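A short worksheet on the structure shown next.
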Amino acid sequence: MTSIRWGIIGPGNIAHRFADGLEEARSGELVAIASTNEGRRKSFGDKYNIDSTLRFSSYDELVESSDIDAIYISTPHTLHAEWTIKAAGRGKHVLCEKPGAVNLEEGKQVIQAVQEAGVFYMEGFMYRCHPQIKTLLKLIKEKKIGEIKSIKSSFGFDTGKTIPKSRLFNKELAGGAILDVGVYPISFSRLVAGAASGKKFLNPVKLSGSATIGETGVDEVAHAKFEFENGIVAEASTAIREEMTDDAIITGSKGTIEMSEPWTPGKDGEGYHSTIKININDNTEIVDMKGQEHLFYFEAELASLSIKDNKLEVPHPGMTWEDTLGNLKTLDDWREQIGYSIQRDSTS
């Protein structure tokens with residue numbers, strides 16, 4: 001297999017970013033698109049030079065195509081599990097946008113399906129594939145700031161108003177801040193807490209959460225505080241109706257580590273430039289992270305390489321299957337705290 005042939009289900013904004021990253025990849029190429037919207041299907045296909053015979057008007061057609069090895073799923077959240085399971089059932093490898101499912105029970109069905117099919121599956125947390133995360137984990141392993149005590153991170157933006165027709169505000173589409181961008185600080189905190197104990201990740205043992213529920217019934221601003229078995233305390237904030245700092249601060253016994261852009265460095269395709277600032281006493285050391293690669297290049301290349309190497313899971317610090325399930329459990333616990341339950345425990 002010389003190059004992994006990718007098809008995309010759902011040509012939204014994030015699909016364009018993945019396609020841009022895939023164009024830089026050496027181990028994969030975009031060959032197909034599926035969209036029920038003729039205009040979007042044509043514009044996406046034209047932009048990425050997709051052959052007219054591989055521009056599908058239904059998702060089923062793409063899943064059934066013998067011209068595709070792997071599928072990138074970037075539909076609304078509520079379709080992620082369904083189409084991952086269908087794709088796996090047809091022997092397709094899957095990279096699914098986060099969240100991989102809307103709750104833990106649905107996530108378990110996904111993992112069971114990909115296990116039984118023997119295909120590669122990865123939940124698309126692109127920031128986990130970026131070089132700065134490996135640099136951060138090395139600093140933690142070396143105890144650069146001593147023993148980790150706390151983690152504080154946020155990811156939030158303000159749409160300016162409630163938009164009932166938007167998936168972000170639609171409860172039937174699992175809208176709200178927690179599942180859209182709150183997934184990032186949760187997965188990050190679990191990663192850092194695990195690294196502090198020499199593990200790939202840890203799940204919290206205690207969690208408390210609060211939120212502002214908007215007129216459409218979804219969480220528009222949400223906060224959580226949680227503790228891990230090693231004593232680390234984390235705070236996570238997220239929003240779709242409030243601008244946040246979108247950074248991460250890790251406090252240790254000797255100092256702090258600050259990440260200026262933990263989530264989306266280089267997302268616009270003009271290279272990336274982010275910093276990791278290490279503060280110890282009155283001394284500040286800055287690790288400058290620069291590169292020409294698109295943010296999604298790292299994810300696209302890593303997934304393609306993993307498939308070529310006959311791996312079923314992405315290597316750490318990418319999201320492994322167990323990591324995905326732990327993240328979904330934490331997200332369920334957070335939403336339970338704010339009274340926002342998403343009951344979709346069957347994909348049949």
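Data table
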quantity: Hits in the range 33-64 - residues which are touching a Lys or Arg at 6+ places or on another chain (Cβ under 6 Å), outside any helix (DSSP H, G or I) and over 11 Å from Gly10 (Cα atoms); calculated: Arg55
quantity: Strands (runs of 3 or more DSSP E) contained in the range 222-303 and holding at least 3 residues touching a strand residue (DSSP E or B) at 6+ places or on another chain (Cβ under 8 Å), of a type outside the set (A, V, I, L, M, F, W, C) and at pLDDT 95 or above; calculated: 233-239, 255-259, 272-280, 283-291
quantity: Any hit, the range 152-175, residues being surrounded by fewer than 16 Cβ atoms within 10 Å (Cβ to Cβ) and closer than 29 Å to Lys290 by Cα; calculated: yes
quantity: Residues located in the range 99-114, provided they are surrounded by fewer than 24 Cβ atoms within 10 Å (Cβ to Cβ) and not in a helix (DSSP H, G or I); calculated: Asn103
quantity: Filtered residues of the range 242-271 (kept if over 17 Å from Phe155 (Cβ atoms) and buried (at least 16 other Cβ atoms within 10 Å of the Cβ)); calculated: Thr251, Gly252, Gly255, Thr256, Ile257, Gly269
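The values are calculated or read from the model by the stated rules, or taken from the named source; none is laboratory data. Small disclaimer: the values here were computed from a predicted structure and weren't measured. Virtual Cβ from ideal backbone geometry, glycine too; neighbours counted across all protein chains shown.
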